[in-house]
Amino acid sequence: MNVLVLGAGQLARMMSLAGAPLNITISAYDVNTDDIIHPLTQQKLGAGLAKALADVDVVTAEFEHIPLAVLEQCQQSGKFYPGSAAILAGADRRQEKALLERCSVASARYSVINNHDDFNDAVNQLGLPLVFKSALAGYDGKGQWRLKDQADCTGVWQQMADFLATDSKQAIVAEQFIRFNRELSLVGVRAGSGEVRVYPLTENHHVNGVLSVSLARPLPRQLQQRAEQMFAAIASSLDYVGVLAIEFFEVEGELLVNEIAPRVHNSGHWTQQGADVCQFENHLRAVTGLPLGSTELLRPSLMVNILGEDSTPPAILGMPGLHLHWYGKSKRPGRKMGHINLSASSLAELKARFAKLIDLLPAAAFPELEKMLSKLTD
């Protein structure tokens, strides 16, 4: 079975690694260069989307921000999962918000801003504080503004007006600022038959808008059930096939959707060591029509992102339950270079191992890890 991934980054790389034991061959299409790439070696295998589509059985994607012409050509092939509608819902916050409303899934109150009048209406109707997010191409904290004080309206609007002037297709979505207790995410998979399997909720900690740590451990069953209901509603509405991730804010025991990601997700990397079948393999199983694998949590696990660093202390590899995953990228400040998965047989043991890992890692390169360590209690 041959699968083409739109995008040639680390997610395509990890799909390739997960697919090899199933005799699934992965190639990647770079939407910027029109090249067909081997996701592990980065060797050029050819060029042109038409050729790439002709040579594979299935097409999928590792990210949302794909040119519309590429999406349309893939959709017309009849091979594309989860399909252009799902990708567009994750790429455009306007469509994402409309989808959540159709599914009766709770999220922050919002309005769409195209001009100064829209901006004033949002401030008056939603109240302060507000978070503003670009409708297109925003990720990892980019394309966002915050407004806490009425006196700052002029300056914030000018920044957004300059941003809107650069692209006539852009808009900005204003959302009420949510004072949340914690950030959670749910990664699940839906087969073409409609079967759904869901991994346990994951608790996340972000630094400067970028995911730092994800922790998978048993959480209250009621919270898990509510997340699964929301997942099923969204996935069913999209007739989704593949892995879908949903990011939540937990507010006093209730869940609000922050955003969706129609693909395998950074907060699900822990599944490589903490679950019987990881998110990458389950995505490939779904899009190729194979039976879905178990999503059960086998042992408490966490993932630490490696950002802007191309090495880690060698001593960490001597730790039990630790697995290091590099992405083969050139070093650049803030870039996702790899991740560390850490697992243990109990929360107490995971906490002890995580504390040792924190001691070994340079604090400047791995800030705020202690905040997640403090949450590791029985």
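The values are calculated or read from the model by the stated rules, or taken from the named source; none is laboratory data. Just so it is clear, the model here is predicted, and its values are computed rather than measured. Cβ atoms come from the backbone with ideal geometry, glycine included; neighbour counts cover every protein chain shown.
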* **Leading residue by the ranking (nearest to P262 (Cα to Cα)) among those in the stretch 100-125 that are of a type in the set (A, V, I, L, M) and assigned to a helix (DSSP H, G or I)** => L100
* Structure fact -> Filtering the stretch 63-80 down to residues that are surrounded by fewer than 22 Cβ atoms within 10 Å (Cβ to Cβ), touching a residue at least 60 places away in the same chain (Cβ under 8 Å) and within 20 Å of the chain's Cα centre (by Cα) yields F63, H65, I66
* Hey, among A165, A122, which residue is loosely packed, with under 11 Cβ neighbours inside 10 Å and either of a type in the set (A, V, I, L, M, F, W, C) or modelled with pLDDT of 95 or more (or both)? -> A165
* To do: Would you be able to say whether some residue in the stretch 184-195 is crowded, with 19+ Cβ neighbours inside 10 Å, assigned to a helix (DSSP H, G or I) and either in the same structural domain as K351 (by TED's automatic domain parsing) or in contact with a helix residue (DSSP H, G or I) (Cβ under 7 Å, 6 or more places away or on another chain) (or both)?
  => no
* Asked: Looking at the stretch 269-283, is at least one residue more than 27 Å from I178 (Cβ to Cβ), crowded, with 19+ Cβ neighbours inside 10 Å and of a type in the set (D, E, K, R)?
  -> yes
* Would you please list the contacts, defined by Cβ atoms under 7 Å and residues six or more apart or on different chains, that run from a residue in the stretch 236-255 that is within 20 Å of F280 (Cβ to Cβ) to a residue that is surrounded by 23 or more Cβ atoms within 10 Å (Cβ to Cβ) and of a type in the set (S, T, N, Q)? => G242/T60; V243/Q279; V243/N282; A245/S185; A245/S267; I246/S185; E247/S185
* Would you mention how many residues in the stretch 328-344 are surrounded by 12 or more Cβ atoms within 10 Å (Cβ to Cβ) and either of a type in the set (S, T, N, Q) or over 18 Å from R217 (Cα atoms) (or both)? => 9
* When you go through (1) in contact with a strand residue (DSSP E or B) (Cβ under 6 Å, 6 or more places away or on another chain); (2) buried (at least 19 other Cβ atoms within 10 Å of the Cβ) one by one for H325, which number turns out not to apply? -> (2)
* To do: List every residue pair whose Cβ atoms sit under 6 Å apart, with the two residues 6 or more apart in sequence or on different chains, where the first one lies in the stretch 267-283 and is in contact (Cβ under 8 Å) with a residue 60 or more places away in the chain and the second, anywhere, is of a type in the set (V, I, T) and in a helix (DSSP H, G or I).
  => C278/T271; Q279/T271
